[in-house]
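S.K.: Below is one structure. I have some questions about it.
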Amino acid sequence: MAGAAPLIPPVASLWLMPAPADAAWLSRLVGELAARHAAPLFVPHLTVAGDVPAPPESLTEELAAVARAAAPFETPIAAIDTGEAFFRSFYARFARAAPLDALKRAAVAAGLGGSLDDFMPHVSLLYGQPPPAAKAASAAQAARALVGRPVRFDRLALTTSGNDAPVADWRIVAERPLG
């Protein structure tokens, strides 16, 4: 059919979600940064497994298995970092901690891909590549305000997100509390 959008194969991601109070302030920060830098809005999350080549609805058993790997926990923001990748342009990085590693190990064991060796826990705060000086100024301001601040994580979400899926099309399909 001429003019039809190309079909994107089903893809899923498994996100670790901040507890409601932390999700609210992270969402406000993402909104402020998106407005300041003309960047897309997104739900703040920590990706445990991404770009899984399967419809998210087919992974509910895996979601439950991974969610059982850790109880709700709190961990401080270790640093604010920036990079060149679209999805890792500006982010809050977390130190590797037992609950984070347990969740990643469970995701790998459930066949959701990735490895513990390349796991770098972070919550993105900005997508895209704004002018470097403006991004650096925002990152420095965020570092002063956020490094050391604890974030509580309490559930996992199964989503329609992936590197090739438009951010505006990302949806949470299912959630499961940790523990």
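S.K.: Which condition breaks for Ile8 when tested against (1) modelled with pLDDT of 95 or more; (2) surrounded by fewer than 19 Cβ atoms within 10 Å (Cβ to Cβ)?
M.R.: Failing condition for Ile8: (1).
S.K.: Is there any pair with a first residue in the stretch 65-83 that is under 17 Å from Gln141 (Cβ atoms) and a second that is assigned to a loop (DSSP other than H, G, I, E, B) whose Cβ atoms are under 6 Å apart and which are 6 or more apart or on different chains, and what are they?
M.R.: Going by the 6 Å Cβ cut-off, the qualifying pairs are Ile77/Val147; Ile77/Arg149.
Per-residue answers, yes or no, for (1) at negative phi; (2) surrounded by 15 or more Cβ atoms within 10 Å (Cβ to Cβ); (3) modelled with pLDDT under 95:
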residue: Ala21; (1), (2), (3): yes, no, no
residue: Trp25; (1), (2), (3): yes, no, no
residue: Leu29; (1), (2), (3): yes, yes, no
residue: Pro44; (1), (2), (3): yes, yes, no
residue: Val48; (1), (2), (3): yes, yes, no
residue: Pro56; (1), (2), (3): yes, yes, yes
residue: Leu59; (1), (2), (3): yes, yes, no
residue: Glu62; (1), (2), (3): yes, yes, no
residue: Ala65; (1), (2), (3): yes, yes, no
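S.K.: Select the strands (runs of 3 or more DSSP E) contained entirely in the stretch 101-179, then report the ones holding at least 1 residues which are of a type in the set (Lys, Arg), under 19 Å from Ser27 (Cα atoms) and at pLDDT 95 or above.
M.R.: Numbers: elements: 122-126, 150-159, 172-177.
Here the list reads 150-159.
S.K.: Just checking, how many residues over the stretch 6-38 are touching a residue at least 40 places away in the same chain (Cβ under 8 Å), over 16 Å from the mean Cα position of the chain (by Cα) and in a loop (DSSP other than H, G, I, E, B)?
M.R.: Summing the residues that are touching a residue at least 40 places away in the same chain (Cβ under 8 Å), over 16 Å from the mean Cα position of the chain (by Cα) and in a loop (DSSP other than H, G, I, E, B) in the stretch 6-38 gives 4.
S.K.: Still on this structure, please answer the following. Of the numbered conditions (1) on the phi > 0 side of the Ramachandran plot; (2) surrounded by fewer than 12 Cβ atoms within 10 Å (Cβ to Cβ), Gly128 fails exactly one; give the number of that condition.
M.R.: Only one criterion in (1) on the phi > 0 side of the Ramachandran plot; (2) surrounded by fewer than 12 Cβ atoms within 10 Å (Cβ to Cβ) is unmet by Gly128, namely (2).
S.K.: Here's another thing I want to ask about it. Would you mind finding the one in Arg93, Arg88, Arg105 that is under 20 Å from Leu116 (Cβ atoms), in contact with an Asp or Glu (Cβ under 7 Å, 6 or more places away or on another chain) and surrounded by 15 or more Cβ atoms within 10 Å (Cβ to Cβ)?
M.R.: Arg93
The values are calculated or read from the model by the stated rules, or taken from the named source; none is laboratory data. Just so it is clear, the structure is predicted and the values come from calculations on it, not from any experiment. FYI the Cβ positions are ideal-geometry reconstructions off the backbone, even for glycines, and counts take in every protein chain you see.
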